[in-house]
Amino acid sequence: MYSYKTDLEKIKAMNPKGIILTGGPNSCYEADSPTYSKELFELGIPVLGLCYGAQLMMHVLGGKVEKADHREYGKTEVLVDKTSSKIFEGVSEKTICWMSHFDYISQVAPGFEITSHTDNCPCASSENAEKGLYAIQFHPEVLHTQEGSKMLYNFVRGVCGCCGDWRMDNFVEEQIKAIREKVGDGKVLCALSGGVDSSVAAVLLSKAIGNQLTCVFVDHGLLRKNEGDEVEAVFGPEGPYELNFIRVNAQQRYYEKLKGVEEPEAKRKIIGEEFIRVFEEEAKKIGKVDFLVQGTIYPDVVESGLGGESAVIKSHHNVGGLPDHVDFKEIIEPLRDLFKDEVRKAGLELGIPEYLVFRQPFPGPGLGIRIIGEVTEEKVKIVQDADAIYREEIANAGLDRSIGQYFAALTNMRSVGVMGDERTYDYAIALRAVNTIDFMTAESAQIPYEVLNKVMSRIINEVRGVNRVMYDLTSKPPGTIEFE
Ligand code: XMP
């Protein structure tokens, strides 16, 4: 992935098979918006522009982009006009796509023909097939575009002529080799949370360098109920892996630091920074440490605004939350280029048991970002208990493997209720469950009403301090999966 500021000569020197211009939040006709010179489209290299990228292509090549009267947003039926287009090979003539734009292409550039449209958008896609230029207004890269992968495949395979033989086993092999070369006989410290990402990273590292690896697991007091002990059971001395495992009980230290802090980004920064401080302390105890491993994955990088010009949505604990000063030579992030489904594939490839690989993701800042507002020990206990009940009932209903991610969050809302003839003034728990493949987009999962009802009744009866339970229906976008 390269910035739009990349020099044309550099692009030529790379001699890519194709170029994809991504979407972005700007308007291409405004002065400071990301742009590129016309020459990019004259290299004889196929170019696919998506959303902003499509508008930019039209703008630069002499078409017209204007602000629309209405924003087109959400799932939209796209009607394919040119079924012989290479992009639409094998795609239905009416296909559901994800639209998200204010600006629209009111006139295509000379040499282009419109290949699809929607009710509101006269040009949902266009092409100059002779020159290998394709512009798509909607987002084939998100899950909501039902045949989006097929369209991208058609561009990469059909137009660019790539062979599509990249496989996960190459990834694992190559990473092990690269890690060995990079690390030499250095010592490596791994930030192990017990979640899918850091577990896969840890096992990858342990396969590559064995005993040179020490895994530090910080119990920051923001883990799910009993999770600290569960992680220790798997990665500790009793577990199946050859690695040095250290558990640090830093619960009180975190609660102290988070006292009175309500702002989500401030909480994330504190939790992220404290992580690094704890590691630095552990590193000192172990002696000289050269590398720090983190289980950062690609969506973390993009959403922290480091993967190009994407707007900063939230600073992820593993990336944007890093303090400036770090007492290690270098950070190793072997999964930085992978999406979650690919991380899982890598995990299976590494022989990690399925129950670990398919464990649902848990964010680095943990319950800290599932408790709206100030984090206190009391609130942690409430959300832990509610979440444990929710997970238990989802598993009882046989839904635990089919839902992408589900958890309870503690809203900061308190409301009046009545229990056993007594007035209560307690918190509301929000239940979240989403289906997603890439975690960049998601939809709320349809959980049977009886299951939700049972969870509600158990939480109200078993968790003190809660008198209301709600189910969050919001998709991503516009929401995010976590609450903060
Ligand atoms: P959002 O809330 O951004 O979440 O839609 C997308 C996925 O990322 C996880 N997540 C995080 N993971 N550090 C992590 O390691 C973080 O700071 C973080 N924030 C969110 C989230 O659980 C979901 O799977």
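Taking the criterion of being over 22 Å from GLY272 (Cβ atoms) and within 24 Å of the chain's Cα centre (by Cα), the only residue of the stretch 182-203 that qualifies is VAL203. Report yes if SER193 is farther than 30 Å from SER92 by Cβ, in a helix (DSSP H, G or I) and within 16 Å of the ligand (Cβ to nearest atom), otherwise no. Taking the combined requirement at face value, the residue does not satisfy it. Is the stretch 183-192 home to any residue that is modelled with pLDDT of 95 or more, of a type in the set (D, E, K, R), in contact with a Gly (Cβ under 9 Å, 6 or more places away or on another chain) and surrounded by 17 or more Cβ atoms within 10 Å (Cβ to Cβ)? No, the conditions are met nowhere in the stretch 183-192. Looking only at residues in the stretch 389-425 that are part of a loop (DSSP other than H, G, I, E, B) and at negative phi, the one that is nearest to the ligand (Cβ to nearest atom) is GLY404. Test ARG344 against the criterion of being more than 9 Å from the ligand (Cβ to nearest atom), part of a helix (DSSP H, G or I) and either modelled with pLDDT of 85 or more or among the hydrophobic types (A, V, I, L, M, F, W, C) (or both), and give yes or no. When the stated conditions are applied, ARG344 passes them. The residues in the stretch 9-42 that are outside any loop (DSSP other than H, G, I, E, B), within 22 Å of CYS162 (Cβ to Cβ) and not small (Gly, Ala, Ser) can be counted, and the count is 10.
Let's see how each residue does on (1) without any contact (Cβ under 8 Å) to a residue 24 or more places away in the chain; (2) surrounded by 15 or more Cβ atoms within 10 Å (Cβ to Cβ); (3) more than 22 Å from HIS117 (Cα to Cα):
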| site | (1), (2), (3) |
| --- | --- |
| LYS10 | yes, no, yes |
| LYS17 | no, no, yes |
| ILE20 | no, yes, no |
| TYR52 | no, yes, no |
| GLU72 | no, yes, no |
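Rundown of residues vs (1) within 30 Å of SER33 (Cβ to Cβ); (2) at pLDDT below 50, yes/no style:
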| residue | (1), (2) |
| --- | --- |
| LYS288 | no, no |
| THR296 | yes, no |
| GLY307 | yes, yes |
| ALA311 | yes, no |
| PRO323 | no, yes |
| VAL326 | no, yes |
| GLU330 | no, no |
| PRO334 | no, no |
| ASP337 | yes, no |
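Within the stretch 426-443, the set of residues being of a type in the set (A, V, I, L, M, F, W, C) and not in a loop (DSSP other than H, G, I, E, B) comprises ALA428, ILE429, ALA430, LEU431, ALA433, VAL434, ALA442. Quick one: would you say LYS86 is in the same structural domain as GLU42 (by TED's automatic domain parsing) and over 16 Å from PRO46 (Cβ atoms)? Criteria not met by LYS86.
Between ARG401, ARG414, the distinction of being over 21 Å from GLY366 (Cβ atoms), in contact with a Phe, Trp or Tyr (Cβ under 8 Å, 6 or more places away or on another chain) and surrounded by 13 or more Cβ atoms within 10 Å (Cβ to Cβ) belongs to ARG414 only.
Entry remark, the stretch 444-484: residues being of a type outside the set (A, V, I, L, M), away from the ligand (no atom under 12 Å from the Cβ) and not in a loop (DSSP other than H, G, I, E, B) number 12 in total. In the stretch 214-224, is there at least one residue being in a helix (DSSP H, G or I) and either over 25 Å from the mean Cα position of the chain (by Cα) or closer than 24 Å to ASP290 by Cβ (or both)? No, that holds for no residue. Across the stretch 143-150, a minimum of one residue is classified as farther than 30 Å from LYS285 by Cα, within 16 Å of the ligand (Cβ to nearest atom) and not in a strand (DSSP E or B). Among the residues of the stretch 262-301, those identified as closer than 14 Å to PRO363 by Cα, in a loop (DSSP other than H, G, I, E, B) and in contact with a strand residue (DSSP E or B) (Cβ under 8 Å, 6 or more places away or on another chain) are GLN294, GLY295.
When the residues of the stretch 238-287 are filtered to those that are among the β-branched types (Val, Ile, Thr) and surrounded by 15 or more Cβ atoms within 10 Å (Cβ to Cβ), the one that is nearest to GLU374 (Cα to Cα) is VAL261.
The values are calculated or read from the model by the stated rules, or taken from the named source; none is laboratory data. None of these values were measured; they are calculated from a predicted model. As a convention, Cβ positions derive from the backbone with ideal geometry for all residues, glycine included, and neighbour counts pool all protein chains shown.
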